[in-house]
Amino acid sequence: MSLDKDRLDAFEKMLKAVEEDCENVERQMAGLKAEGKTKSATYRQLMGRHMNLQNMLAMYRIYGLLDER
């Protein structure tokens with residue numbers, strides 16, 4: 001029983017981290033976009049990271065681990 005709770009706690013912690021990281025990346029991208037730096041290497045790296053985080057969240061939704069938004 002403790003293993004199940006530990007796994008659930010770990011998942012919830014990871015989910016929160018992914019959601020927070022996604023929001024942080026979106027803020028950084030918005031800042032760079034406002035500065036007209038959408039062609040910069042930093043913006044493109046953030047775009048790739050954002051896509052990966054979005055894919056992770058999509059998989060959670062597919063498997064019913066995250067509410068639809």
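Laid out as a table, the results:
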quantity	calculated
Hits in the range 55-69 - residues which are surrounded by 14 or more Cβ atoms within 10 Å (Cβ to Cβ) and assigned to a helix (DSSP H, G or I)	Met56, Leu57, Tyr60
Ser40 being out of contact with any Lys or Arg (no Cβ under 8 Å at 6 or more places or on another chain), without any contact (Cβ under 8 Å) to a residue 40 or more places away in the chain and more than 28 Å from Leu65 (Cα to Cα)	yes
Options Arg7, Arg69, Arg61: the member that is over 18 Å from the mean Cα position of the chain (by Cα), of a type in the set (Lys, Arg) and at pLDDT below 95	Arg7
Filtered residue count, the range 1-32, keeping only those that are of a type in the set (Asp, Glu) and surrounded by 12 or more Cβ atoms within 10 Å (Cβ to Cβ)	3
Test: residue in the range 33-54 that is in contact with a helix residue (DSSP H, G or I) (Cβ under 7 Å, 6 or more places away or on another chain), part of a helix (DSSP H, G or I) and exposed (fewer than 12 other Cβ atoms within 10 Å of the Cβ)	yes
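The values are calculated or read from the model by the stated rules, or taken from the named source; none is laboratory data. Just so it is clear, the model here is predicted, and its values are computed rather than measured. Every residue, glycine among them, receives a Cβ derived from its backbone with ideal geometry; neighbour counts consider all protein chains shown.
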